[in-house]
Amino acid sequence: MLERKEVPAALKWKLTDIFESDEAWEEEYKATEKEFSSYDFSVFKGKLSDKQTLLKCFELSDTLSRRLERLYLYA
């Protein structure tokens, strides 16, 4: 098995397309962690039968999922 430094550049993901640097990743990680912990998910409890509340729940889920996916891919 090759180490990353031994793999030809053409076969590597271009990580800078996801984050410009490890520091940028760290900043996004901290921001996502802070934002996620600030949400009060109990506002959705027992209210998902309302279409507007359900939509807000889905939108929040999509937003967090996209941010977490970028963090995961880069890591």
Residue hits (the stretch 1-38; open to solvent by less than 100 Å² (accessible area, probe 1.4 Å), part of a loop (DSSP other than H, G, I, E, B) and more than 21 Å from E69 (Cα to Cα)) are V7, P8
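Conditions tested, residue by residue: (1) at pLDDT 95 or above; (2) under 14 Å from Y74 (Cβ atoms); (3) over 22 Å from the mean Cα position of the chain (by Cα).
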site: A9; (1), (2), (3): no, no, yes
site: D22; (1), (2), (3): yes, yes, no
site: E26; (1), (2), (3): yes, yes, no
site: F41; (1), (2), (3): no, no, no
Considering the stretch 39-61, residues that are assigned to a helix (DSSP H, G or I) and among the hydrophobic types (A, V, I, L, M, F, W, C), and then whichever is surrounded by the fewest Cβ atoms within 10 Å (Cβ to Cβ), we arrive at F41
Across (1) assigned to a loop (DSSP other than H, G, I, E, B); (2) surrounded by 11 or more Cβ atoms within 10 Å (Cβ to Cβ); (3) modelled with pLDDT under 95, L64 clears everything bar (1)
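The values are calculated or read from the model by the stated rules, or taken from the named source; none is laboratory data. Because the structure is a prediction, the values reported are computed rather than measured. Every residue, glycine among them, receives a Cβ derived from its backbone with ideal geometry; neighbour counts consider all protein chains shown. Side chains included, ligands, DNA and RNA excluded: accessible areas come from the protein's heavy atoms. Shrake-Rupley method; radii C 1.70, N 1.55, O 1.52, S 1.80 Å.
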